[in-house]
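The values are calculated or read from the model by the stated rules, or taken from the named source; none is laboratory data. The shown structure was predicted, so the numbers you read here are calculated from the model rather than taken from an experiment. For neighbour counting, all protein chains shown are included, and Cβ atoms are generated from backbone atoms with ideal geometry for every residue, glycine included. Each accessible area value is taken on the protein alone, full model and side chains, heavy atoms only, with ligands, DNA and RNA left out. Shrake-Rupley method; radii C 1.70, N 1.55, O 1.52, S 1.80 Å.
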Amino acid sequence: MDRSDGMDYAPKGKPRPVVQPGEFVFSAVRLDHGHIYGMTNALLEAGGTLKYVYDPDPGKVTAFLKAYPQAQPARSEEEALADASTHLIAGAAVTSERCALGLRAMDAGKDYFTDKAPFTTLEQLDSAKAMVQKTGRKYMVYYSERLHVEGAILAGYMIDQGEIGRVIHVEGFGPHRLGAPGRPAWFFEREKYGGILCDIGSHQIEQYLAFAGEEDAAVSYSRVGNYANPDHPELEDFGDCSLNGSNGTTNYFRVDWFTPDGLSSWGDGRTIILGTKGYIEIRKYVDVATGKPGGNHVYLVNDRGERYVDATGVTGYPFFGQLILDCLNRTENAMTQAHAFKAAQLCLEAQAQAQRVGR
């Protein structure tokens, strides 16, 4: 796993298969973002069987086959979507093209698992809702900053066990390293990436809903700006947002592309969860305060004292096995469709109403 670049963030965990080989088959279609590797790793570790890979760029397919030689290169997208043995299509297309791929996958009778952000417009969201209703297929989203971070998973368990009482506020910080020379051209085109709150802000809103147990929220305010990248005028390198949950909880988050080169990780991602009886801080990828190695640093403070846990290797990544079983059993244990869509809706609304700051 490359710790310097979030685009190539692809955690590897211990295999925890929930099915036998061949019982759950998936294919990877569209490899425009490096998160497809994290998605593939996790599905394989949960027992999934990788069949096809397809991308119109042969170079991307060659690189993918080097990592996963068991995959078969499909001659076309249609070949992968039409395969009768395939249960799920995993994709990391250009952000603005993710919904269209999902519609084609669901229309072909497959469940769909896309990289975040799942949409760039509310119209896309509406079309996905309609297709889910029509086909009964799943449109699931790789919100990796919660689902693929053991520190975040452990924090969720602590909340469920009542360690900090009732959650009343969640605060998130999602800085990323820009690495502009290594980014594709579409990354800097507003219409294609959707804006910073739509893009990396989607992680923050999803984890707020999950940690606070909220099913709905309203955007109180949101801001975006380009402070330091005039050569990429459509890029937003800063964004922040505040939300009010329907159950009375609140959320604030900040996202940006200002991770300095001296940081050992691609971003000092942190989440602070305040409850009525204590609080939790997750230092997801690095802990600059103590110098402890690696990530997954969880700090818990409640009426019984102060506690530190290194969550690495503790929880694994249960979402992916649950997703496989949900697809096979038509259940919603990994994530409800309503939750996946609500997180997407709120980040699109935050983006649409954002005040412009900076230059």
Sorted by chain and number, the residues with a modelled amide H under 5 Å from that of residue 221, at a separation of 5 or more or across chains, are 242
Mind ranking 192, 277 by accessible surface for me, highest first, 1.4 Å probe?
-> 277, 192
What is region 193-299 by shape, rounded, prolate or oblate, if you read a ≥ b ≥ c off the alpha carbon gyration tensor as root eigenvalues and call it rounded for a/c under 1.5, prolate for a/b larger than b/c, and oblate otherwise?
-> oblate
Classify region 84-230 as rounded, prolate or oblate, taking a ≥ b ≥ c as the square roots of the eigenvalues of its Cα gyration tensor: rounded when a/c is under 1.5, otherwise prolate if a/b is larger than b/c and oblate if not.
-> oblate
If you plug each phi of region 324-338 into the Karplus form 6.51 cos²θ - 1.76 cosθ + 1.60 with θ = phi - 60°, what whole-Hz ³J(HN,Hα) values come out, in order, with x for Gly and Pro?
-> 4, 5, 4, 5, 6, 9, 6, 10, 9, 8, 5, 6, 6, 5, 4
What accessible area, in Å² to the nearest ten, does a 1.4 Å probe give for residue 223?
-> 80
Would you mind telling me the share, in percent, of accessible area of the chain contributed by carbon and sulfur at probe 1.4 angstrom?
-> 51
In µm²/s, what is D for region 18-67 at 37 °C and 0.692 mPa s, where D = kT/(6 pi eta Rh) by Stokes-Einstein and Rh is the Kirkwood radius from Cα pairs?
-> 292
How much solvent-accessible surface does residue 143 expose, in Å² to the nearest 10, with a 1.4 Å probe and all protein chains in place?
-> 0
What accessible surface, in Å², does a 1.4 Å probe find on residue 220, ignoring ligands, DNA and RNA and rounding to the nearest 10?
-> 70
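When ligands, DNA and RNA are left out and all protein chains stay put, how many square angstrom of accessible area per residue does region 227-288 have with a 1.4 Å probe? Display every interim value, and only then the final one.
Numbers: 2500 Å² over 62 residues.
I get 40 Å² per residue for region 227-288.
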Cα gyration tensor shape of the chain, rounded if a/c is under 1.5, else prolate or oblate by comparing a/b with b/c = rounded
Log entry: pair-distance distribution for region 14-138, C-alpha pairs binned every 5 Å from zero, whole % per bin is 2, 12, 22, 24, 21, 12, 6, 1
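With a probe of 1.4 Å, find how much accessible area region 65-185 has per residue, and write the answer as a whole number in Å².
Working: 4570 Å² over 121 residues.
Each residue of region 65-185 exposes 38 Å² on average to a 1.4 Å probe.
Evaluate E = 1/(1 + (r/R0)^6) for residue 216 and residue 185, where r is the Cβ-Cβ distance and R0 equals 25 Å; express this FRET efficiency to the nearest 0.05.
Numbers: r = 36 Å, r/R0 = 1.46.
With R0 = 25 Å, the Cβ-Cβ based efficiency is 0.10.
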Residues whose modelled amide H sits under 5 Å from the amide H of residue 178, counting only those 5 or more places away in sequence or on another chain, are 259
Whole Å is fine, so just give me how far the alpha carbon centre of region 232-261 lies from that of region 193-230.
-> 5
